[in-house]
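Chemist: Sharing a structure here in structure tokens format.
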Amino acid sequence: MSEHRLDARRLLCPMPVIRTQDRIKDLAPGDILEVICTDPGASNDIPAWCRINGHSLLSCHERDGEIVLRIEVGGD
Amino acid sequence: MSKRKAVSLISGGLDSMLATKTILEQGIHVEGINFFTGFCVEGHTHAIRKRDQKKPKRNNALWVAEQLGIKLHIIDVVEEYKSVLLNPRHGYGANMNPCLDCKGFMVRKALEWMEENGFDFIITGEVIGQRPMSQRRDTLPVIARESGANDRLLRPLCAKLLPPTLPEREGWVDRERLHDFSGRSRKPQMRLAARFGLKDYAQPAGGCCFLTDKSYSDRLVDLWQARDRRDYELDDIMLLKVGRHLRPRPGFKMIIGREQGENKFMEGYRRQFMHMHTTSCPGPLVLIDGRPDEQELELAARITARFSQGRDQARVRVAVTDRNGVSRELEVAPLPPQDIAPEWHI
Ligand code: SF4
């Protein structure tokens, strides 16, 4: 299990979702990905994308105007 | 025999949702695919403007996939899409929408995905006669042929009006339980939605992207004319969705934030553009695209002042910051409203 980080700041939806999806492709089940973004839409879209594709959203909060999401990669 | 698999083009609208549901009901494993061209109508782009609007800020494609209980793969095709938009073999629709080439391109990308992932066929929500360009009896075969998908492309909503495709001939799906929708009426879709118990779906009016929008298309053409080059970057086409656009002189354009949400969004572009804002009173953020000379810069400052809260004051101070972040201040008289020519607006 390892921790990873994705900087999706300044990207507009759906780009943060696409980057998250492409990054998770290369991760193993149980890995943690922290995504940082600035588009407020991402706080809806990334959780929705996680639900659909079987990943768990551990947390989603705002920090200094940035949205930080922590995702645990699910098994297939 | 293992379960057959279909990949479904999900736009976020009702038709692709119904087409997918129709195939899911026949016991096929379906996953969705959605293409981001950069021109897609996104709830969030509207949300830039009105943060507290009542409509949910959702991505419709994701929402549809969740309602249907299928996976969704969103593919970034921004770069590849340029050649579709810039040189469409079949030309444009009413505005800058190259629908026929666009559909062919998307089905071709879905075909690549299908082959890479071991899927069997492709489904779309197309309906004969629904759209003037891409969904005509004579253009549906063009999409199937030019994409290379041929008879692996199934349109569940109008399949009964078309020759049987591979999934039908092989008995993977039962042709009798597909549909025969045609024409512009939305009634059959509404009825089917009701039968499936679907509510609250999105019904985009013109099409699935900004290219069917007249004023958006005008801004895109203006951009090409001003740069003397038909090309664009993602940032360019995003900014075409935001703010008031004014071209007071051929050599430069102003993008003026209309309210807080837009100003905030535009702040992200301050390093790429020369920009202005009023310092003696509250006002919008203004991005300047192009290379105004000193005189034009003063005109731009006067326009900026005109759109600030100091519009009725004799003098307003405007900070001008270049791309390197170097600022200076100009003191100008706000331009009287009657001096803003209507044709400046794009
Ligand atoms: S409306 Fe836009 S996305 Fe839809 S087919 Fe036409 S060009 Fe493509």
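Chemist: Over chain A, average the accessible area per residue using a 1.4 Å probe and give it in Å², no decimals.
Modeler: So chain A comes to 46 Å² accessible per residue, rounded to a whole number.
Chemist: Report, in listed order, any pair from B:82/B:214; B:109/B:264; B:71/B:264 with a Cα-Cα distance greater than 28 Å.
Modeler: The answer is B:109/B:264; B:71/B:264.
Chemist: Please give, to one decimal in nm, the separation of the simple spin-label points placed at residue B:249 and residue B:200, each 7 Å out from Cα toward the Cβ.
Modeler: Here the modelled spin labels are 5.3 nm apart.
Chemist: Would you mind computing, in nm to one decimal, how far apart the modelled labels at residue B:293 and residue A:1 are, each placed 7 Å from Cα along Cα→Cβ?
Modeler: 6.7 nm
Chemist: Note down the relative contact order for the stretch B:242-344 as a percent, whole number, built from C-alpha pairs under 8 angstrom at least six residues apart.
Modeler: Details: 205 pairs, mean separation 26.6, N = 103.
Relative contact order here is 26 percent.
Chemist: Further question: Note the direction-averaged projected area, equal to a quarter of the hull surface, for the Cα convex hull of the protein assembly as shown, in nm².
Modeler: That works out to 22.6 nm², a quarter of the Cα hull's surface.
Chemist: At 7 Å along the Cα-to-beta-carbon direction for both residue A:58 and residue A:72, put a label point, then send me their distance in nm to one decimal.
Modeler: 0.8 nm
Chemist: Report the convex hull volume per residue for the stretch B:157-202, counting only C-alpha atoms, in Å³.
Modeler: So the per-residue Cα hull volume is 93 Å³.
Chemist: What is the ratio of the Cα radius of gyration of chain B to 2.2 N^0.38 Å, where N is its residue count, to two decimals?
Modeler: My calculation over the Cα atoms of chain B gives 1.19.
Chemist: Now for a different question. Let me see the P(r) profile for the stretch B:242-344: every Cα-Cα distance counted, bins of 5 Å, each bin given as a percent of all pairs.
Modeler: Computed distribution, short to long bins: 2, 15, 26, 28, 21, 7, 1.
Chemist: Among the listed pairs A:25/B:199; B:160/B:199; A:25/B:103; A:25/B:253, which have their C-alpha atoms separated by more than 30 angstrom in this model?
Modeler: A:25/B:199; A:25/B:253
Chemist: Would you list, by chain and number, the aspartates and glutamates whose Cα falls below 19 Å from the Cα of residue B:21, excluding same-chain residues fewer than 8 positions away?
Modeler: List returned: B:31, B:66, B:120, B:126, B:168, B:174, B:176, B:180, B:200.
Chemist: On to the next question. May I ask for the Rg/Rh ratio of the stretch A:3-72, computed from Cα atoms with Rh as the Kirkwood radius, given to two decimals?
Modeler: Using Cα coordinates only, the ratio equals 0.91.
Chemist: Amide H neighbours of residue A:41 under 5 Å, at least 5 residues apart or on other chains, H built in the peptide plane: list them.
Modeler: Residues meeting the criterion, in which the H sits 1.01 Å from N, do not exist here.
Chemist: Please quote Rg/Rh for the stretch B:5-209 to two decimal places, taking the Kirkwood radius as Rh and restricting both calculations to Cα atoms.
Modeler: That ratio is 0.94, to two decimals.
Chemist: Okay, next question. Given a Förster radius of 35 Å and the C-beta distance between residue B:136 and residue B:333 as r, what FRET efficiency does 1/(1 + (r/R0)^6) yield to the nearest 0.05?
Modeler: FRET efficiency, residue B:136 to residue B:333: 0.05.
Chemist: Given contacts defined as C-alpha pairs under 8 Å and at least six residues apart, what's the relative contact order of chain B, whole-number percent?
Modeler: On the way: 596 pairs, mean separation 50.8, N = 346.
Relative contact order for chain B comes out at 15 percent.
The values are calculated or read from the model by the stated rules, or taken from the named source; none is laboratory data. Being a predicted model, the structure only gives us computed values, none of them experimental. Note: ideal-geometry Cβ built from the backbone for every residue, glycine included; neighbour counts use all protein chains shown. Only protein heavy atoms, including side chains, enter the accessible area calculation; ligands, DNA and RNA are left aside. Shrake-Rupley method; radii C 1.70, N 1.55, O 1.52, S 1.80 Å.
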